Every structure is written in C-alpha cells, then in structure tokens.
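To start, the structure itself, in structure tokens.
The values are calculated or read from the model by the stated rules, or taken from the named source; none is laboratory data. Computed from a predicted model, the values in this text were never measured in an experiment. Here Cβ is always computed from backbone atoms with ideal geometry, including for glycine, and neighbour counts include all displayed protein chains.
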Amino acid sequence: MRGIHVRPETLSRVALLLVIAVASVSTVVQVTGQTVRGARARGTVVQGEHGTAAVGPRGAAVKGDEGYAAVGRRGAVVHGDDGTAAVGRRGAVVVGEEGHGAAVGRYGGVVVGNHYEDYEGWRVAAGVAAGTAIAVGTMLSRPPAGAATVVVGPTSYLYSGGSYYTRVVTGGAVAYQVVAPPAGAIIATLPAGCAAARVGAVTYQRCGNSYYERVATGYRVVVF
Amino acid sequence: MPSRNASGFAVMLTITMIVTPACGTRDKRARGEDLLKQTSARIASAQALSVTTDETNDRVARDGKTRQVRVQRLVTVRRPDRMWFKTSGDRNTEGFYDGSRLTLLFHGEKVFGVIPTPARLDDTIQMVSERYDIPLPIGDLLTSDPQKSYLSSQTTGGWEGEDTIDGKKSARLEWHHPNVDWTIWIPESGEPLPAKLWVNYKSRDRKTTVLFKDWNLSPRVSDAMFQARIPDDYEGVAVIQRASAVLPPDAKPDATPASEVAPAPPK
C-alpha cells in the first residue's frame, strides 16, 4: 500500500484534532475492548461505513470486520505487514509507510506508526536529531531509557522527552506505543521549548501542540 | 530368443533409467506423507495432550539485524476448545483459551490482553496467527488434523534422510511451500511424535527451531486450568491486529493531506 509522510509536529496537531473531533461525537454504536479490565466507561465509539471502525476519546479503537474486537482502549491501532494501517471513523483507511511515522484520516481517523526496537532505532530510521519528539503511533520494543511512569486513572503511561507511551500487545510481545498526551497526566517538569499560551481567561503552557496547566505537583495535560 | 531377451533387457534398463528419478521423488513424498500421517493420526487421537518445547526464534528486525528469542513452553490442549500455555526464558507469558477468548498474560510487564476467538481450537490457532501475528510454531500440531494443516496442494518435499535427535534415530521430512519451508523429525521407533521442528517463514523473515520433549497424550486436565487467572495488579492493554486482517477488501487509503486536518486553535 502506498504510504503517507507526515511530520511529527503535524502529528501532534492531528492528534489534538482527533481528540477534539471524537469528543464531539455522541452516538455510541459499539464499544470494543469490553473485556479489558478498567476500560473507561465513557469511551465513545463510532462504527464506520464498512462496519470496521471505531474511535475512542483517548486515541482510537478498531473493530475487525469479522467481529473480533481486539483492540482496546487508548491509542489502539492495527499493525500491518510492512507498516501499519488502521480504519478511520468513516471507513477510511490510513496507512503508514515503512520507516515513517504516521498518517491520519480526514474525519478524525487514527494515528498509526511502525515498529522499531527502540527510540534510537526510530531516530536513525527517521533521520532526525536526538531528542526529537517521536511520532504518535510509533511502537518500540523497548521503552525509552529513564522513562517515568505516569498514572491517569486506571491507566499507566511512560513519559520520556515530551512523549507518552502506552503498552500494547503486538506480535505476541509487549510493545510501547506513542500516544497523544493523555488528559490529566501530570509531569514534574515541562519538556524543552514550551511557551505560555492564553486560551480564554487561562494561561497554559504550550509544548508543541500539547497544553499543560500548572498544578501543585507539576504540570497537567489539558485536552480541549 | 536370447536376442529378444537382450533387447527386452535394454528396453527395461532404459525405462528404469528414465523413470527412476521420478520414482525416487515420489517415493520420498509417499514415505514422508506416510510418516506424517502416522504422526497426525496419533496426535489427533488424543482428546487431550501436553508437551514441553524449547523454541528458538530468529527474526530479522527493521534495522536488518537478527534478533533471537528463546523460550521454553509448556502447552496443554483439550479438544475441541481449550488450551493453556506458559513460557519462560526470554518471554515470561501465559495464555488461556476457554472456547470464547484467548487471554494473554505478560508476567514481566504485568499486563494482559484479551482476544475474542472462535469456538474451536483449530480456528483459534489459525486466527491468532493470521489476524494477530502471534507466533505459535507448534500450532498446526495441536489442531485436530495436523497433516491437513501442514500439507497443501502447493507443498512439495518428503522424506530426506535420518538424523539423531535427543539420542533417537529420527526421519527427517523436508517440506517446501511458497510462503514457508519446514522440516520435521519423527522418531523411527516408539511413538511417532515429533522430536524436532524447523520452520522458515519466508514472507516474514522469521525462523523457528522447536525441540519437543515430554509428550503426554493423556494428561490430567480440568476446566479450571483453562480459565484465565489475572492478578489484580495487572493492567489490560490493547492487542494489535494485522492491517491485512481488518481492511475491507475494497478499502482505499485515505490520502487526505494532513494539512487539511490541522486542528483549530482552542478558543
């Protein structure tokens, strides 16, 4: 399949749109991943034209065309043979290209990525400098060194270098997949390159395309 | 008459020389199929079975380097719809199949994933491999008809010789398929249960070697054995499907430029 190049910074913007777009959807057709313990009850899911798609409030969930609801809560994608693919809200398909980050559907589809051994493997393949934020959807076999655990409700994430990782099962092993900053996550210090941004009457810290508000224990992710 | 005998002998010799290679190939094929049939029938005759395996998996990663994963696996099956396995070594995992779902536990990471499955083990083994790309190299041996699972109309090969595996003289059967090459060693005496398996998944850059031990075709099993036992502190995570498994046949990539979906700034 033909892939799509998307720059990491664009992905973050897209991820934000995804959250915004999905949050506006109120029709619950079918919820996947019900057997996953602690799944969020408010997971909004939309079935696609082909009966194959679903998108949740904190990422994406996908339901197979044969009814195998395999992908659960948070940032879920389907992993392809030579890259990745997923099915968007309206049945649209988005496909990542070998060695590159992700793509997104027009109607708020899902962000997907490829699988690398570790951050360094991704960085070399992507041809970017150390410290560059990794594309949402990318999966790593090993978590970044020194990543901190961030707990949001029943879900734990790893945080490193401005990126958040959730754990998924792929190919019979656990992988670490980059997801959009989860609302409510609190980090002690902001990543580099943040700037104050006023939204309404409130001043936030904008880091790339993520927004943080100051709280007593650090900075909390805000998703509009 | 001697002349007729001589000419007849010459004709027979010529025919023999012409057809011998083909007969040899057919003989090897027949001999291989016969041995595999015995193995298949023996395994299929068991209502339940358990076996321990040492598995070495070599996979070529995206960076071109080969990554090796070694596990020891204990697997128990009860036909037609139950399976449990546990691995140790490089992967500390456990799987419970109860006829409606497969629950995978990853003890090292303290996470679990759940896959809704078909009602029969045969279908589940196929689905887990094709849809989720979860390797179970001995899966075909666990089905109700291993020979059918292993041999297709595109499969060639057969008996190719003898090797000693774990101290037992074993027949070496080599088989070839457009997507996979595999070799199985079956002891020439005693139970015809596989001693070793080697698989080359050509389309996935993955090779697996399996050594079998402790075959048990009458293990003691109970329903509870196949019911998932998830520790309270384990977290549920998504299980990723292969794209080819979920894309509609008529699906076309959505190539909408990302710029068209740039988020509106919050107000």
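Worth a mention:
- So A:Val199, is it facing chain B (nearest Cβ under 10 Å) and over 28 Å from B:Asp133 (Cα atoms): yes
- Every condition in (1) surrounded by 18 or more Cβ atoms within 10 Å (Cβ to Cβ); (2) outside the structural domain of A:Asn114 (by TED's automatic domain parsing); (3) in contact with a strand residue (DSSP E or B) (Cβ under 8 Å, 6 or more places away or on another chain) holds for A:Val174 except the one numbered (2).
- When the residues of region B:154-176 are filtered to those that are under 19 Å from the mean Cα position of the chain (by Cα) and on the phi > 0 side of the Ramachandran plot, the one that is surrounded by the fewest Cβ atoms within 10 Å (Cβ to Cβ) is B:Gly157.
- Out of A:Pro181, A:Pro191, sole residue that is assigned to a loop (DSSP other than H, G, I, E, B), away from every other protein chain (no Cβ under 13 Å) and closer than 30 Å to B:Ala61 by Cα: A:Pro181
- Residues considered: A:Val169, A:Val178. Of these, the only one that is of a type outside the set (Phe, Trp, Tyr) and in contact (Cβ under 8 Å) with a residue 60 or more places away in the chain is A:Val178.
- Within region B:177-196, being under 17 Å from the mean Cα position of the chain (by Cα) and either farther than 20 Å from B:Ser45 by Cβ or among the hydroxyl-bearing types (Ser, Thr, Tyr) (or both) holds for B:His177, B:Pro178, B:Asn179, B:Val180, B:Asp181, B:Trp182, B:Thr183, B:Trp185, B:Lys196.
Per-residue answers, yes or no, for (1) surrounded by 15 or more Cβ atoms within 10 Å (Cβ to Cβ); (2) under 30 Å from B:Lys65 (Cα atoms); (3) under 16 Å from the mean Cα position of the chain (by Cα):
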site: A:Val168; (1), (2), (3): yes, yes, yes
site: A:Val179; (1), (2), (3): yes, yes, yes
site: A:Cys194; (1), (2), (3): yes, no, no
site: A:Val199; (1), (2), (3): yes, no, no
site: A:Val215; (1), (2), (3): no, no, no
site: A:Gly218; (1), (2), (3): no, no, no
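- Strands (runs of 3 or more DSSP E) wholly inside region B:89-160 containing at least 3 residues that are in contact (Cβ under 8 Å) with a residue 60 or more places away in the chain: B:101-106, B:111-116
- Residues within region B:71-88 that are surrounded by fewer than 19 Cβ atoms within 10 Å (Cβ to Cβ) and part of a loop (DSSP other than H, G, I, E, B), tallied: 2
- Here B:Pro265 meets the list (1) at pLDDT 60 or above; (2) more than 7 Å from chain A (Cβ to nearest Cβ) almost entirely, failing just condition (1).
- Odd one out for B:Leu211, checked against (1) at pLDDT below 75; (2) surrounded by 13 or more Cβ atoms within 10 Å (Cβ to Cβ); (3) more than 7 Å from every other protein chain (Cβ to nearest Cβ): (1)
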